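For reference, the structure is listed below as structure tokens.
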Amino acid sequence: MTPRIETRAMSDLPRLTTPWRIGALELPHRVVMGSMHIGLETLDDGGEALAAFYRERAEGGAALIITGGLAVNAEGRGGVDYAVLTDDAVRTRLHRVTDAVHDAGGRIFAQLFHAGRYAVTGGAWQAVAPSPVPWRAARGEVPRALAEVEIAQTAAAFGDAAEAAKAAGFDGVEIMASEGYLLNQFLSPRTNLRTDAYGGDGPRRRAFPALVYAAVRAAVGDGFPVTVRVSGDDLMPGGTSPEDSAEFALALAALGVDALSVGVGWHESTVPTVQLAVPKGAWVATAERIADLLAPLYPEVPVIASNRITDLRDAESVLERGHVDAVALARPFLADPALVARSFAGEHSLVNSCIGCDQACLDRSLTFQPVSCLVNPRAGREVRFPVSLERRRRIAVVGGGPAGLAAADDLAKRGHDVTLFEARDHLGGQFSLAARIPGKEDYLLTVRSAEKRLRAAGAAILTGTSPAAEDLAGFDGVVLATGVRPRAVAIEGADLPHVLDYETALTRGIPAGTVAIIGGGGIGVDTAAFLVEEADEKRRADAFAARYGVEGAAEFARSRPTRALARPRSGSLVTVMRRSGKLGDGIGITLRWVALSNLRDAGVTMLSDLDYRRITAAGVEIAHADGRIELVPGETVVICAGQERNNPLETEIAARGIRYELVGGARDASKVDAVRATGEGLAAARAITR
Ligand code: SF4
């Protein structure tokens, strides 16, 4: 059975829509939903939530899904919320998943996973590794080196897990040998310091992964697809060399692997791989190197490129280059389960784009919280928020920022009669501001696609309109999502003409000259990036490649249509100040370090632990914790001191007895948190129609 998708306008994706094979398995198109840990794998619900999550993606056209990592044994779990494939209860749950995907016309592979030294054990067990080499985030926990006998047992565990996967109805397995997990650790001379049969030179470092492959193949037999996720580049000094990676890929092909999916980077690498600072398609060249190597010798082994591709038109361009056979995307399937169906129907503008923020996915998965998506808060919660309509209601949503759009999108999708009011002349709210920051241009895509979907669903969108409470009396309910406004500061001189709030600064631009930024949270850091980051995507990609020494990282971005933000540059000294606490507080863990190091490299001065004394015509006078007084130069001073609620309607609406839900910044402006805002928008859309 093939996924039920429309392909009436597939002419702009001719290569992606061409059938292909992984071993004996025929697939109708070349888009793979890549592996993501969802955090639902251990939920004791009989597999209902996980099955619903994958079912919706298969219904949306994902012809081949790779599960998140399923541990081959208990010590191989990435953390406490990882499932062990050979557990009976897990297998039962997974059977429900495979049934759901098959029922929706899709295929699904189990990813066979062992975290090795990347296991976050919380002291519940000791992580294992080729050698006792710890990593930074393990907080002093040193992994135990596997004894030779345990190496054989671990390989056998991969075989057992593969057998369990086959019994649970999976259509194939992917062995995880990339991204710094156990097999990758054995391959790398940085983490494999062994001197026995499993360490030393390249062939011996490859011995354990080869043993794993043999165990898996023996367990599932010849006709069952077995693929391997290989590392195209560890991005680690002293890690696996390109020659070693090439030898490993060739060895797997010689052993009969059915396909190779190419990953990149380790968790502890200082090169960002999937964050929004990474150019689109940065790692395509890495996969192409492996594909070019295999093509003359093993043309039957397809190679799959992945990472930092969010749009299927880009995926088509990747195939057009003529090297790899398919493209895997992961987070874009969180953002839009119907990514394939919409794109194949030529409805690219309706696709809810992944904006690369990591806030509800990677950041949560690293802290063992269930994964969702900032732009699609239903992700991972499909059972709790089914798409159904009991009784059509007439709902007003006031505010077209992230929370309002999430509410309106959900209401309209379920068939309610929606009127969206927005005071500005455009939708987007804080997303529109964010989209002015270089690297965050995609924030505008999610706003535009929401607007398109709303219009397609028949919603009325009234921009430039601020309704009074009496205008809302005829609705069955109102979602108040009027957002936030910049908070003013009580500092002497804050009313001087060269002092701007962040909204004005980002909207109208900042005159050339020195800039002092008061407030070093997420918005302060963004405002500094607005001033110093390269606005042209192509030049930014070149800068990324040069900075990290990654040959080819800008190649694909250079071939894309130009996107350059128009904005004035200060061309001068920028200082970000924070009274106390961490600079960049509020930015997610996966993005903060990249954002701060970019600013540092761009020469931005960052100061904290200080008091603001006064703002003068020349800048901001501050007192350091040690008593030193300094004048921070600022021909322009930008206030990024947080927000306050903008909630002009609630009192009167309540007085009139109109049913309402209050969401996002209008409810609580204490922290910039778009994940909370969109989640509340969704919850309000449900509550107001009950
Ligand atoms: Fe993409 Fe952000 Fe959603 Fe993650 S949370 S899938 S990065 S939009």
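Read-outs: derived from the displayed coordinates by stated rules, not from any lab. This is a predicted model, so every value here is computed, not measured. When we count neighbours, we look across all protein chains shown, and the Cβ atoms used for this are built from the backbone with ideal geometry, even at glycine.
Residues D160, D311 in ascending order of nearby Cβ atoms (within 10 Å, fewest first): D160, D311. The mean sequence separation of alpha-carbon pairs under 8 Å and at least six residues apart, normalised by the residue count of the stretch 426-574, gives a relative contact order of 28 percent.
Could you check the spin-label model distance between A89 and E148? Points 7 Å from the Cα along Cα→Cβ, value in nm. With each label placed 7 Å out from Cα toward Cβ, I get 3.9 nm. Electrostatic bookkeeping for L193 treats Lys and Arg as +1 and Asp and Glu as -1; over the other residues with beta carbon under 14 Å from its beta carbon, the sum is +4.
Highest mean first, the peptides 635-641, 131-137 sorted by other C-beta atoms within 10 Å per residue fall in the order 635-641, 131-137.
Note on the chain: antiparallel DSSP beta bridges, both residues inside, total approximately 20 percent of the bridges counted. The alpha carbon gyration tensor of the stretch 140-214 gives principal lengths a ≥ b ≥ c with a/c of 1.5 or higher and a/b greater than b/c, which makes the shape prolate.
Using the Cβ-Cβ distance between D668 and S241 with R0 = 56 Å, the FRET efficiency computed as 1/(1 + (r/R0)^6) comes to roughly 0.65. Taking 0.36 nm per residue of sequence separation and removing the Cα-Cα distance, the L43/A460 pair yields an extension gain of 146.2 nm. The Cβ shell under 11 Å around R107 holds other residues with a net charge of -2, Lys and Arg each +1, Asp and Glu each -1. From most to least packed by mean Cβ count within 10 Å, the peptides 491-499, 201-209, 273-281 give 273-281, 201-209, 491-499.
The slack between A625 and L193, meaning 0.36 nm per residue of separation minus the straight C-alpha distance, is 150.9 nm.
Restricting the calculation to alpha carbons of the chain gives Rg and Dmax of 26.0, 80 angstrom.
If R0 is taken as 56 Å, the Cβ-Cβ distance between D585 and D12 corresponds to a FRET efficiency of 0.85.
Taking all Cα pairs closer than 8 Å and separated by 6 or more residues, the relative contact order of the chain comes to 12 percent.
How would the stretch 339-388 be classified by its alpha-carbon gyration tensor: rounded, prolate or oblate, with rounded meaning a/c under 1.5 and the a/b versus b/c comparison settling the rest? Oblate is the answer for the stretch 339-388, as a/c is 1.5 or above yet b/c matches or exceeds a/b. Rounded to the nearest 0.05, the FRET efficiency derived from the C-beta distance between S608 and A24 at R0 = 35 Å is 0.05.
Counted by Cβ distance under 15 Å from D410, the other residues give a net charge of +1, where Lys and Arg count +1 and Asp and Glu count -1. Here the label points at W125 and T562, each 7 Å from Cα along the C-beta direction, are separated by 5.5 nm in the simple model. Computed extension length for V383-A137: 85.2 nm, one decimal, from 0.36 nm per residue of separation with the Cα-Cα distance subtracted.
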